1. Where residues in the stretch 49-65 are assigned to a loop (DSSP other than H, G, I, E, B) and of a type in the set (S, T, N, Q), which of them is surrounded by the most Cβ atoms within 10 Å (Cβ to Cβ)?
2. Scan the stretch 10-20 residue by residue and report those that are more than 8 Å from the ligand (Cβ to nearest atom) and under 13 Å from the mean Cα position of the chain (by Cα).
3. Out of everything in the stretch 134-163 that is surrounded by fewer than 16 Cβ atoms within 10 Å (Cβ to Cβ) and in contact (Cβ under 8 Å) with a residue 24 or more places away in the chain, what residue ends up being farthest from the ligand (Cβ to nearest atom)?
4. State the number of residues belonging to the stretch 21-48 that are buried (at least 24 other Cβ atoms within 10 Å of the Cβ), within 21 Å of ALA226 (Cβ to Cβ) and near the ligand (Cβ under 8 Å from one of its atoms).
5. Being among the charged types (D, E, K, R), more than 11 Å from the ligand (Cβ to nearest atom) and either touching a Ser or Thr at 6+ places or on another chain (Cβ under 8 Å) or more than 22 Å from THR120 (Cα to Cα) (or both): is that true of ARG185 here?
6. For ILE153, all conditions in the list (1) under 21 Å from SER258 (Cβ atoms); (2) at pLDDT 95 or above; (3) more than 17 Å from the chain's Cα centre (by Cα) hold save one; what is the number of the exception?
7. Count, please, the residues in the stretch 82-113 that happen to be more than 16 Å from the ligand (Cβ to nearest atom), among the charged types (D, E, K, R) and in a helix (DSSP H, G or I).
8. Tell me which residues, restricted to the stretch 206-239, are within 14 Å of the ligand (Cβ to nearest atom), within 15 Å of the chain's Cα centre (by Cα) and outside any loop (DSSP other than H, G, I, E, B).
Amino acid sequence: MDFNNHLLDGKKGIVFGALNNQSIAWKVAEKVTAEGARIVLTNTPLSLRLGTVSQLADETGSLLVPADATSVADLEKLVDAAMEHFGGPVDFVLHAVGMSQNLRKGRPYEDVNYEFFLKTLDVSALSFHKLLQTLYKKDAMSEWGSVVTLTYIAADRVMPGYNDMADAKAVLQAITRNFGYIYGRKRHVRVNAVSQSPTPTTAGQGIAGMEGMLQYADNCSPLGNATAEDCAALVTTLFSDLTRKVTMQTIYNDGGFSSVLPNPLA
Ligand SMILES: NC(=O)c1ccc[n+]([C@@H]2O[C@H](COP(=O)([O-])OP(=O)(O)OC[C@H]3O[C@@H](n4cnc5c(N)ncnc54)[C@H](O)[C@@H]3O)[C@@H](O)[C@H]2O)c1
């Protein structure tokens, strides 16, 4: 199912978070460029070295700009570079950024390291506010532009294996609503979060019990788990002019899982 509907012809965007070809952002980059958009790709300098994003930049003919999403100085340089590259504001931005050292190092929720916890919140939630504030102050989004972040249902329901990332995603969803209100009033910019099924990516595989969760969610969901490609298709519609009045929402791209969720311990 790989149609080019020209949904994003003439649009320009910034895509955060493509690390390798399993990344959700990688699939989004491929899909939005196939639909006619031009993009700037960005990730941390370390991820640019460790991952394969330069290959994606070649494949999609995109500019690659390093930036740590927790650094306002980096975000300012990135936004300036994108506006210079495109000769004006951007139409869409994907924030696909997340990381928890408590998860990585196997520290359970009742024994977290608080330095790690603060880092989780900074990388996975506050970075979205920093990004929106930078775009807003620089007036870097076009009228009726669209910003999307990626979240997970553990923000709404208890899933102990998701650890401090669950709290970060709850903050992320609140920022989506609160900044969405301000940006909507100011410039008709939409801000939405897509709550995605468990997906086998580098970040996904760092979660305790991920394999079991993937299987469990797939079994519970009437349509089965949404893949990274399914997510890219939804995000593409959110960047298009077909969804101009959708804002401040958490949209579940999960095959129906969120509506049938029984007790996760059952
Ligand atoms: N995989 C899943 O099951 C799943 C489900 C729901 C939501 N999500 C969310 O989707 C998003 C993308 O994750 P993914 O699953 O594609 O995994 P991924 O590991 O491919 O992507 C995570 C990205 O975050 C980037 N990142 C980390 N720290 C950063 C920083 N300081 N500045 C800029 N970038 C930074 C990484 O370099 C990486 O590219 C994340 O927000 C994740 O929480 C994933």
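1. Filtering first and then ranking leaves SER62.
2. ILE14, VAL15
3. The selected residue is GLU143.
4. Result for the stretch 21-48: 4.
5. Spelling it out, ARG185 is indeed among the charged types (D, E, K, R), more than 11 Å from the ligand (Cβ to nearest atom) and either touching a Ser or Thr at 6+ places or on another chain (Cβ under 8 Å) or more than 22 Å from THR120 (Cα to Cα) (or both).
6. (3)
7. Total meeting the criteria: 3.
8. Answer for the stretch 206-239, where residues must be within 14 Å of the ligand (Cβ to nearest atom), within 15 Å of the chain's Cα centre (by Cα) and outside any loop (DSSP other than H, G, I, E, B): ALA228, GLU229, ASP230, CYS231, ALA232, LEU234, VAL235.
The values are calculated or read from the model by the stated rules, or taken from the named source; none is laboratory data. Nothing here was measured: the structure is a model prediction, and the numbers come from that model. In this analysis, Cβ positions are derived from the backbone assuming ideal geometry, glycine residues included, and neighbour counts consider all displayed protein chains.
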